[in-house]
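Engineer: Can you keep this structure in mind? I'll have questions shortly.
We did not get these values from a lab; they are worked out from the coordinates using the rules stated. Just so we're clear, the structure is a prediction, and the values are computed from it rather than from any experiment. Glycine also receives a Cβ, built like all others from the backbone with ideal geometry; neighbour counts cover every protein chain displayed.
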Amino acid sequence: MKIAMLARNPDLYSHKRLVEAAEQRGHEIQIINTLRCYMNITSRRPEVHYNGQKLTGFDAVIPRIGSSITFYGLAVLRQFEMMGVYPLNESVAIGRSRDKLRSMQLLARDGVGLPVTAFARDPKVTEEVLQIAGDAPVVIKLLEGTQGIGVVLADTKRSAKSVVEAFRGANVDILVQEFIKEAGGSDIRAFVIGGKVIASMKRTGAEGDFRSNLHRGGTAAAVKITPQERATAVKAAKSLGLNVCGVDMLRAKDGPVVMEVNSSPGLEGMENATGLDVAGKIIEHLERTYKPGKTRTKGRG
Ligand code: ADP
Ligand code: MG
């Protein structure tokens, strides 16, 4: 295969590993700086240009689009799809996963377990929104936050109200969510490839932090997940239409609840915690599934 990888930083662990895994399997892989691509949107002849040249001959594209450039990155990926290049994850599916509200709505429709979550715009209904989320403590999060930034735990109703008002004053959209206390500052990440969980780890937050993000100083260890957790992760991936993703779940008292689904999951934490060759499994999956022009969107919305 000739593979394009849309990424900005070739030195990131995940990107280096994907290049290594592709080359080891005899494929040609080129890292393409997403922001330096430009597009010719002409009827019947969609083109992507890069460094003064038209990109041609690619069989598959691996999108590793950073959350800060989602809009432009998805436009570039769509253009590859229009050219008939097979994407590891489709642009539509990535778009769903990047918006926490949209993905939760889709997951809820498909019956995936979720923390009780409320969303509203009108400041007059703050009381009711907090009530839906079960009053304090609640977790308040930015709709498009990542790496734990913009996720706040409000211990009391009073602090919850001020946090909601502060975010609203800054004109950003937020979710208010039931705090899953019994998770004890840990979450489970299940790595799904092609409808199967191929690796999973438990992440635990740094001392005193309820957020388990590795970027916030959390630590990770391999974990054996339950059949119910496995089924939930697979269902969440399917619901959003993602071939490859990291499904983050909390162990709540009635079973797993999904917090978010990451469409460009990092490989470093998972490979180190489990010793598995996750990059290799991703390339293997591409080998099995790629077909020129096969970019049908799964699922609705
Ligand atoms: P981000 O996209 O910034 O990673 P998340 O929604 O994944 O945001 O939240 C970050 C971390 O905060 C999670 O990994 C988890 O440890 C903790 N967390 C988030 N929501 C809840 C919740 N409702 N109850 C308990 N802990 C939560
Ligand atoms: Mg997260």
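Engineer: Given the options His215, Thr156, Gln53, identify the residue whose Cα lies farthest towards the positive end of the charge dipole of the chain (+1 on Cβ of Lys, Arg; -1 on Cβ of Asp, Glu).
Structural biologist: Comparing the listed Cα positions along the dipole, Gln53 ranks first.
Engineer: For the chain, what is the calculated [θ] at 222 nm in deg cm²/dmol (nearest 500), taking -39500 (n - 2.57) for each run of four or more DSSP H residues and dividing by its residue count?
Structural biologist: -9500 deg cm²/dmol
Engineer: Rounded to the nearest 20 debye, what is the charge dipole size of the chain about its Cα centre when +1 sits on each Lys and Arg Cβ and -1 on each Asp and Glu Cβ?
Structural biologist: Using only the charged Cβ atoms, the result is roughly 760 debye.
Engineer: List the trypsin sites (Lys or Arg not before Pro) in the range 89-150 that DSSP assigns to loop (not H, G, I, E or B) and whose Cβ has at most 10 other Cβ atoms within 10 Å. Which are they?
Structural biologist: Arg121
Engineer: From a point 7 Å beyond the Cα of Leu101 in the direction of its Cβ, which residues of the range 123-144 have a backbone N at a distance under 19 Å?
Structural biologist: Taking a point 7 Å out along Cα→Cβ of Leu101, the residues of the range 123-144 whose backbone N falls under 19 Å are 123-134, 139-144.
Engineer: Going toward the positive end of the dipole of the chain, with +1 on Lys and Arg Cβ and -1 on Asp and Glu Cβ, which of Ala183, Val197, Ile140 do you reach last?
Structural biologist: Working it through, the farthest residue towards the positive pole turns out to be Val197.
Engineer: Among His285, His215, which comes first, second and so on when ranked by fewest other beta-carbon atoms within 10 Å?
Structural biologist: Ascending number of Cβ neighbours within 10 Å: His215, His285.
Engineer: At q = 0.15, 0.23 Å⁻¹, what base-10 log of I(q)/I(0) does the Debye formula yield for the range 182-287 when every alpha carbon is treated as an equal point scatterer in vacuo?
Structural biologist: Taking Cα atoms of the range 182-287 as identical point scatterers yields -0.56, -1.29.
Engineer: Grab the Cα-Cα distance for Tyr38 and Ala75, subtract it from 0.36 nm times how many residues apart they are, and report the gain in nm with one decimal.
Structural biologist: Stretched fully, the Tyr38-Ala75 segment lengthens by 12.3 nm.
Engineer: Identify all aspartates and glutamates with a Cα-Cα distance to Lys2 below 19 Å; exclude those on the same chain that are fewer than 8 residues away in sequence.
Structural biologist: Output for Lys2: Glu20, Glu23, Glu28, Glu47, Asp59, Glu81, Glu90, Glu284, Glu287.
Engineer: Work out the length of the dipole vector of the range 2-89 about its Cα centre, built from +1 on the beta-carbon of each Lys and Arg and -1 on the beta-carbon of each Asp and Glu, and round it to the nearest 20 debye.
Structural biologist: That gives the range 2-89 a dipole magnitude of about 160 debye.
Engineer: In terms of Cα to Cα distance under 12 Å, which aspartates and glutamates are near enough to Lys161, apart from those fewer than 8 places away along the same chain?
Structural biologist: Leaving aside aspartates and glutamates fewer than 8 places away in the same chain, those within reach of Lys161 are Glu127, Glu128, Asp135.
Engineer: I need the calculated FRET efficiency for the pair Asn51 and Leu12, taking r as the beta carbon distance and R₀ as 35 Å, to the nearest 0.05.
Structural biologist: 0.95
Engineer: Between Thr226 and Ser162, what's the calculated FRET efficiency when r is the beta-carbon distance and R0 is 35 Å? Round to 0.05.
Structural biologist: Efficiency, rounded to the nearest 0.05: 0.35.
Engineer: Now, a different point. Set Lys and Arg Cβ to +1 and Asp and Glu Cβ to -1, take the dipole of the range 182-287 about its Cα centre, and tell me which of Ser239, Pro265, Ala206 lies farthest positive.
Structural biologist: Sorting the options by dipole projection puts first Ser239.
Engineer: May I pose another question? Using the Cα centre of the range 210-301 as the reference point, and only Cβ charges (+1 on K/R, -1 on D/E), how large is the resulting charge dipole? Debye, rounded to the nearest 20.
Structural biologist: Approximately 500 debye in magnitude.
Engineer: Could you tell me the number of lysine pairs in the range 171-291 with C-alpha atoms less than 30 Å from each other, where the two lysines are 8 or more residues apart or belong to different chains?
Structural biologist: Close lysine pairs found across the range 171-291: 28.
Engineer: Ok, one more. Could you tell me the calculated FRET efficiency between Glu20 and Val172, based on Cβ-Cβ distance and R0 = 41 angstrom, to the nearest 0.05?
Structural biologist: That gives a FRET efficiency of 0.60.
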